[in-house]
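Notes for the one structure printed next.
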Amino acid sequence: MDNANTLPKKDIMKKFEKKSIFFEYDSLDQLSSPEKELIHEAENAAKKAYAPYSKFKVGAAILLKNDKIVQGNNQENAAYPSGLCAERIAVFYANAQYPEAAVSKLAITAYRGDELVDLPISPCGSCLQVLLETQRRFNEPIEIILAGKKKIYKANNVEQFLQKNTGKEN
């Protein structure tokens, strides 16, 4: 088969670019007090995670528009993939307990064993999709803070992680 017939023609192909913007910090001291508190809540949540198989404990803390903070942590299960990620647990709990409250901020951190990870971790694709749906549900951006021992990253909304995403209009 001739590959030339399956490639897009130059005259009909369009190129587009999308950029993601993240902010990088070297220390908690560079963040606001509410952001520091949210990271500490995520760290506390991570310490309580049930991760006997991977020993990788993830914690998430959500600040809702009603000023409530909700925690979640990963819950593993021997029947993989029956466990669930910290981010989805936190979002689903927040939506169940406070269905009218939009998510304002989300902080995520992780421990490998008893040691805080050096560099921040990002939510998985499934968690990002749930966060995107939550953001769209309330028509409010969710600021995401990813915290590690050596670096902290912030994004102003979920779309910074998902260049092409799935939603009602896709």
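Could you tell me whether the range 77-92 includes any residue that is among the aromatic types (Phe, Trp, Tyr), within 23 Å of Arg137 (Cβ to Cβ) and at pLDDT 95 or above?
The answer is yes, given that some residue of the range 77-92 is among the aromatic types (Phe, Trp, Tyr), within 23 Å of Arg137 (Cβ to Cβ) and at pLDDT 95 or above.
Going by what's in this entry, would Ile121 be described as under 21 Å from Lys19 (Cα atoms), touching a residue at least 40 places away in the same chain (Cβ under 8 Å), open to solvent by 30 Å² or more (accessible area, probe 1.4 Å) and touching a strand residue (DSSP E or B) at 6+ places or on another chain (Cβ under 7 Å)? Before you say what the answer is, go through the steps one by one.
Numbers: under 21 Å from Lys19 (Cα atoms): yes; touching a residue at least 40 places away in the same chain (Cβ under 8 Å): yes; open to solvent by 30 Å² or more (accessible area, probe 1.4 Å): yes; touching a strand residue (DSSP E or B) at 6+ places or on another chain (Cβ under 7 Å): yes.
Yes; evaluated as a whole, the condition is true for this residue.
Please give the number of the condition Lys168 fails out of (1) among the charged types (D, E, K, R); (2) touching a Lys or Arg at 6+ places or on another chain (Cβ under 8 Å); (3) surrounded by fewer than 14 Cβ atoms within 10 Å (Cβ to Cβ); (4) at pLDDT 95 or above.
(4)
Within the range 15-37, track down each residue that is hydroxyl-bearing (Ser, Thr, Tyr) and either part of a loop (DSSP other than H, G, I, E, B) or in contact with a Pro (Cβ under 8 Å, 6 or more places away or on another chain) (or both).
Going through the range 15-37, the residues hydroxyl-bearing (Ser, Thr, Tyr) turn out to be 20, 25, 27, 32-33.
Selection gives Ser20, Ser27, Ser32.
Of these, Leu106, Leu132, Leu128, which one is assigned to a strand (DSSP E or B) and modelled with pLDDT of 95 or more?
Values: Leu132 fails: assigned to a strand (DSSP E or B); Leu128 fails: assigned to a strand (DSSP E or B).
The match here is Leu106.
Take Ala79 and tell me if it is open to solvent by 30 Å² or more (accessible area, probe 1.4 Å), over 25 Å from Ile152 (Cα atoms) and not in a loop (DSSP other than H, G, I, E, B).
Values: open to solvent by 30 Å² or more (accessible area, probe 1.4 Å): yes; over 25 Å from Ile152 (Cα atoms): yes; not in a loop (DSSP other than H, G, I, E, B): no.
Answer is no for this residue.
The values are calculated or read from the model by the stated rules, or taken from the named source; none is laboratory data. What you are looking at is a predicted structure, and each value in this text was computed from that prediction instead of being measured. Because the Cβ atoms are built from the backbone with ideal geometry, glycine has one as well, and the counts that use them run over all protein chains shown. These accessible areas exclude ligands, DNA and RNA; they are computed on the full protein's heavy atoms, side chains included. Shrake-Rupley method; radii C 1.70, N 1.55, O 1.52, S 1.80 Å.
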